[in-house]
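Please treat every number below as a calculation from the coordinates, not as lab data. What you see is a predicted model; the values in this text were computed from it and never measured. Here the Cβ positions follow ideal geometry from the backbone for every residue, glycine too, while neighbour counts run over all protein chains shown.
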Amino acid sequence: MIIRIAAAALSASLALSAAAETPNIEPGEWENTSTITFTSEMPIPDQSDTTTNCITEEDINSGDFMQEMEGCTVTERDIRSDGMEYAMECNNGGMAMTMAASMEFNGDTMEGTVKGEMESPMGPMEMDVTMSGRRLGDCED
């Protein structure tokens, strides 16, 4: 569940960028990696996830490549071509969470961080997410 939130946060950051100013992201096949570190009363091992997806110029301009983040609302955003900062509040599956993210776009790479606080069935938790993306090449037809 948490990995899906981190992946959705990365997708949301890309789509939010497209909504204001054209981000410095080259179209193509992208590999995105996120690693989550938790701080809680119960020890939870770090979790990592890597996904690939094709991002077209039309996707970048329209924001159509955003994965919907059900139960989440963007509360703040500062979007530039070279990056962005944004904050979200989510209530998904009985877990309330706040997130603050910072992303940097470098044409064929991107990186960022997300800090999150949540109330979970195991008690309060904090998470730190590091995200990176790199363009692999042209999209396969």
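Here are the numbers:
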| read-out | value |
| --- | --- |
| Simple spin-label estimate for residue 54 and residue 100 in nanometres, 7 Å along Cα-Cβ | 3.9 nm |
| Euclidean distance of C-alpha centroids, segment 104-118 and segment 31-64, integer Å | 9 Å |
| Cα-based Rg / Dmax (Å) for segment 59-141 | 14.9, 46 |
| Ordering of 40-48, 74-82 by burial proxy (mean other Cβ atoms within 10 Å per residue, highest first) | 74-82, 40-48 |
